[in-house]
Amino acid sequence: MGDPGTKQLVSLEELEAAAGVRTGRKHILSILVENKPGVLTRIAGLFARRGFNIDTLAVGPTDDPAFSRITLTLDGAMHPIDQVTKQLHKLVNVLKIRDLEPAETAAREMALFKIAADGGTRGEVMQVVEIFRGKIIDVTRRALIIEVTGSHDKIEAFERLVRPFGLIEMARTGEIAISRGRGET
Amino acid sequence: MMRAVDAIMECLKAEGVDVVFGYPGGANLPTYDAMYDSGIRHILVRHEAGGGHAAEGYAKASGKVGVCFATSGPGATNIVTPLTDAMMDSVPVVFFTGQVRTDLLGTDGFQEADTFGITMPIVKHSFLIRHPTEIPRAVHEAFHIARTGRPGPVLIDMPTDLSKVEIEYEPVGDVRLPGYQPTTEGNSKQIRLAAKALSNARRPVIYAGGGVINADASAELTELVEFDNLPVTCTLMALGAFPATHPQWLGMLGMHGTRAANYAMDEADLIVAVGARFDDRITGKLSEFAPRAKFIHIDIDPAEISKNVPAHIPIVGDAKNILGRLLNEYRALGPDSSRLSEWWERIERWRAQHPLRYEDSEDTEIKPQYLIQALYQATNGDCILSSDIGQHQMWAAQYFHFSKPRRWINSGGLGTMGFGLPAAMGAAVARPDVPSVLISGDGSIQMNIQELATCATYGIPVKVVIMNNGYLGMVRQWQELFWDRRYSAVEMSQWPDFVKLAEAMGCAGVRLEDKTTLVDDLRAAMAIEGPVVIDARVTKEECVYPMIAPGEAARNMVG
């Protein structure tokens, strides 16, 4: 690629290839942090600076009020994940990072769907909700709000099924996760 | 009970701080009031950037933590460059910034800037004070974080109202940082593996970086390499970590390193990186970097290992600890140094064929390379040499033979023009027993030249040598070599008159133009008491060679 500082031109393709997102399996990182000012900004900034794309991000309290847990998912080959966890470890307020193995992890996400459903289609939508063990939490004459909880894939599947009825909007929490078994995450 | 700012002074004294570089303003008035009779020496710089770099120079020369004070808003934004510089070069500095009153935070108050947010990517850590009782602990944690592990800058941002509150002060004996536990002890198994790899290597090279100096591990490094006659090269940051006069010294490596060093890296079968980070100025084209080598990578920062070049034997920890133990393991294996004789023959050939060279002038004109050689002679090499950024920096790295650590102070990672003068000033304050000399360019010196007045005010005897070629020389060199000699915005004109400027700033000024008397003239000029500016006129268009052109492999060095 054209080196900065020389006249050599850089093609757009080269630029895109250099900036291309590495693809690999999905990773769920569970990060235990101190509740201190700016922690989330530090983490988000680190990802931005090193060119990593966060797919989902969830932050919430833990059983100890001094700490929060950040669960984030990202796409990456093993090598950059390794670099990301090492960089995260350098943040003074980060206590613990786990790159959770999908098979040994219980992961859930919640989503709210607002779907256009009048008399004609309402029954059919409710059937789908039933199958996905969703909950109808609001009904008006022309729309339903549905709550679905489950794995990332389940929520994607639900979205695909209800979209044709008229998906007005959707809000998702991003996955939270915890390791299976007796040990702490 | 005492004011929080008075507690800060107590904390500083407990940390052994004897001098602070800084600049007062509205938001840090309380801090300056506390400093007034604290007994801590304060150097009033002429620009906060000067204060930050001076604290860096102080830290690099002494090995202690440097301290810099600045006010809110513009004071804080002015330290962004030194903060970044200290982050890139792992320099331990604690920065204290004033901040607007808590009730004004976020309202775009007068001299308000989001210092905490602006500096977040460029600090090792930072504290935003939210309650006055947090202050003493934050100060001690800041010093602890700055000086331990991989050193770096730490910032404490303190709203002015909180700093005036009276608090109970008790000395803080410990720090509690559960998320900060640097690994210092290297893994024994890895160290044994490394010793074994070394004793089997036929073409080994030791590649030492600035981490050796930070870890105070020069003696251990020298002992290790002397034990088995290993060739050594150093990065720009590590010059002085191994004596340049030593027969096992290959010279600096990288873009403007020696051929012997770069060719040795290229052909090595084993490279031991110690406190170095495989920067792009070292590796050149990464895919063709040291293609035959296995890598042992010793570093205190695990994130550096395998970041750019995959390590075969990673060892995380303190270089002093690891090198000492590595030598013990290595001794036990009883390697036969004669296995390296073929390798040394090859290296000797490169050395003989490709010494550093330049064409001397036929008249009295001073060649820039000769200026460095003359400076080395005039000082007997016995000084702390600080540098700015550009051609003069590379020539100094090539032609000045550093024999001790902490005698070469420059901005390596960030390449900050304007770093030199304040850094040399900080070094002079840290080590009044060693002459402080600055080599700068006519471009670099004009960024932060205001600090000449600081030197004059406090009688800080920095000897400034300006390698004056009337150009931004390094940029001109790249335009000459890679951009068809279209010299765009690199000519500096004849202004200012540095001799008159020096005098106006309260310093002595001397102009030197004749190479035949240069060594004596330099000696005489540097013998003048107090700060001196030497305007040395050199060849206008000269290039730094040899060179690995950008994006090229080391074996294709030119010049």
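Calculate the tail of P(r) for segment B:256-325: the fraction of all Cα-Cα distances greater than 14 Å, expressed in %. Value for segment B:256-325 (Cα pairs over 14 Å): 58 percent. Kindly identify chain B as rounded, prolate or oblate by the Cα gyration tensor criterion: order the square roots of the eigenvalues as a ≥ b ≥ c, call it rounded if a/c is under 1.5, otherwise compare a/b with b/c, prolate if a/b is larger, else oblate. The shape class here is oblate. Seen against the Cα atoms of chain A and their longest principal axis, helix A:39-49 is set at about 70 degrees. Take the Cα of B:ARG292, step 7 Å toward its Cβ, do the same at B:HIS246, and the gap between the two points is 2.4 nm. For A:THR149 and A:LEU40, the difference between the fully extended length at 0.36 nm per residue and the C-alpha to C-alpha distance is 36.7 nm.
A crude spin-label estimate for the pair B:ARG485 and B:ARG137, with each label 7 Å from Cα along the Cβ direction, gives 6.7 nm. Each of B:ALA525, B:MET417, B:ILE466 was scored by the projection of its Cα onto the charge dipole of segment B:368-537, and the greatest displacement toward the positive side belongs to B:MET417; charges sit on the C-beta of Lys, Arg, Asp and Glu.
Summing Lys, Arg as +1 and Asp, Glu as -1, what charge do residues with Cβ under 9 Å from the Cβ of B:MET2 carry, B:MET2 excluded? The answer is -3. In terms of Cα to Cα distance under 20 Å, which lysines are near enough to A:LYS96, apart from those fewer than 8 places away along the same chain? Here the lysines satisfying the reach criterion relative to A:LYS96 are A:LYS26, A:LYS36, A:LYS86, B:LYS124. Which entries in B:LYS196/B:LYS404; B:LYS60/B:LYS404; B:LYS13/B:LYS164; B:LYS60/B:LYS367 show an alpha-carbon gap greater than 23 Å? Over 23 Å Cα-Cα: B:LYS196/B:LYS404; B:LYS60/B:LYS367. Count Lys and Arg as plus one, Asp and Glu as minus one, and take only other residues whose Cβ is under 11 Å from that of B:LEU104; the net charge is then -3. Here is how the number arises for chain B: DSSP H runs of 4 or more residues each give -39500 (n - 2.57), the sum is divided by the residue count, and the result at 222 nm is -10500 deg cm²/dmol.
The mean number of Cβ atoms from other chains found within 10 Å of a Cβ in peptide B:180-189 is 1, as a whole number. Just checking the listed ones, A:GLY174, A:GLY119, A:GLY76: in the Gaussian network model of chain A with Cα springs under 10 Å, the one fluctuating most is A:GLY119. Stretching the chain fully between B:LYS189 and B:THR107 yields a gain of 23.9 nm (0.36 nm per residue, less the alpha carbon separation). If each residue of separation counts as 0.36 nm, what is the full-extension length gain between B:GLU170 and B:VAL499 once their alpha-carbon separation is subtracted? In short, 113.2 nm is gained. Can you list the residues of segment B:240-270 with backbone N under 16 Å from a point 7 Å past the Cα of B:ALA352, pointing along Cα to Cβ? B:260, by backbone N distance to the label point.
What you get for segment B:188-353, charging only the Cβ of Lys and Arg (+1) and of Asp and Glu (-1), is a dipole of about 340 debye around the Cα centre. For the residues of A:82-95, the average number of beta carbons from a partner chain within 10 Å of their own beta carbon is 5. Straight-line cross-link reach from A:LYS135 at under 27 Å between alpha-carbon atoms covers these lysines, not counting any fewer than eight positions away in the same chain: A:LYS114, A:LYS154. In a DSSP loop and with at most 16 other Cβ atoms within 10 Å, there are no chymotrypsin sites (Phe, Trp or Tyr not before Pro) in segment B:400-474.
FYI, it's all coordinate maths here, none of it is from the lab. Just so it is clear, the model here is predicted, and its values are computed rather than measured. Reconstructed Cβ throughout: ideal geometry from the backbone, glycine too, with neighbour counts over all protein chains shown.
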